Amino acid sequence: AKQEFKNSFYLGKEKNKRTKAKQVLLAVRVASLSPGDAERLKIIRPATGVRQMTYKDLKANYTPIDTAAAKPHWQAEYDEGDNRCLHAPGSEACSGASCDFGKRTQKIHCLKTTSLLHTMCKAIRCKRQYKITGRLDVVRVIETHEDADADAAAESNVVIKLPKSGYEEIIDVLQGELDDAGESDDDDYMALDG
């Protein structure tokens with residue numbers, strides 16, 4: 001199998017049921033650190049980014065194409081990547097026009113703070129109090145500005161990513177506590193238990 005594979009663009013053998021178009025991807029062999037996982041490939045899709053796939057799956061569902069043939073498919077998928085989610089039409093999991101599942105860019109709500117642990121503890125307490133589902137994650141965000149010149153450096157921040165539903169309540173509670181902080185120097189810390 002190793003001799004057959006080549007780093008290349010590949011086009012789907014079947015049309016995607018949702019988009020009615022054949023999907024394109026770039027497949028690249030990567031070194032695996034797992035024993036017996038030598039056929040793992042890194043695949044890059046224009047709309048959804050990097051994933052992994054086995055050579056067996058690639059061979060069964062895709063055929064290799066040259067760069068010139070891949071370009072129009074890649075551009076079309078890239079351009080369409082922000083227009084619709086990956087849910088099937090009429091899916092109950094889809095929240096409608098605001099759904100960004102599988103989109104190239106996604107809108108997230110996050111908090112940038114000088115005291116990450118302190119703010120995370122307060123956000124967890126608020127989440128429990130209001131029975132908000134969803135995760136609070138610590139993530140790195142690279143912030144770029146469209147109006148900045150090309151040489152301007154992007155700003156990197158570690159932030160708290162808030163759940164899609166209920167983020168307003170968390171922000172309101174934290175903002176209220178910040179407003180009350182002027183009246184009291186008493187900081188309330190919450191012990192985290194696993």
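The values are calculated or read from the model by the stated rules, or taken from the named source; none is laboratory data. Nothing here was measured: the structure is a model prediction, and the numbers come from that model. Cβ coordinates were reconstructed from backbone atoms using ideal geometry, including for glycine residues, and neighbour counts include every protein chain displayed. The protein model used for the area step is the full one, side chains on, heavy atoms only, and it has no ligands, DNA or RNA in it. Shrake-Rupley method; radii C 1.70, N 1.55, O 1.52, S 1.80 Å.
Using 0.36 nm per residue, how much length does the chain from ASN61 to ARG140 gain when fully extended, once their Cα-Cα distance is taken away?
Using 0.36 nm per residue and subtracting the Cα-Cα distance, I get 25.0 nm.
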Open item on the list: Can you give me the solvent accessible area of TYR167 with a 1.4 Å probe, rounded to the nearest 10 Å²?
Closed with: 50 Å²
Open item on the list: Given points 7 Å out from each Cα along the Cα-Cβ axis, report the ASN16 to SER156 separation in nanometres with one decimal.
Closed with: 3.1 nm
Task: Heavy atoms of CYS121: accessible area, 1.4 Å probe, square angstrom to 10 - done: 10 Å²
- [ ] Quickly work out the GLU92-to-ALA31 label distance, labels modelled 7 Å from Cα along the C-beta direction, and quote it in nm with one decimal.
- [x] 4.8 nm
Open item on the list: Assuming 0.36 nm per residue, please report the length gained on full extension of the stretch TYR130 to ARG40 beyond their Cα-Cα distance.
Closed with: 28.1 nm
TODO: With r as the distance between the Cβ atoms of ALA69 and LYS107 and R0 = 35 Å, compute the FRET efficiency 1/(1 + (r/R0)^6) and round to 0.05.
DONE: 0.55
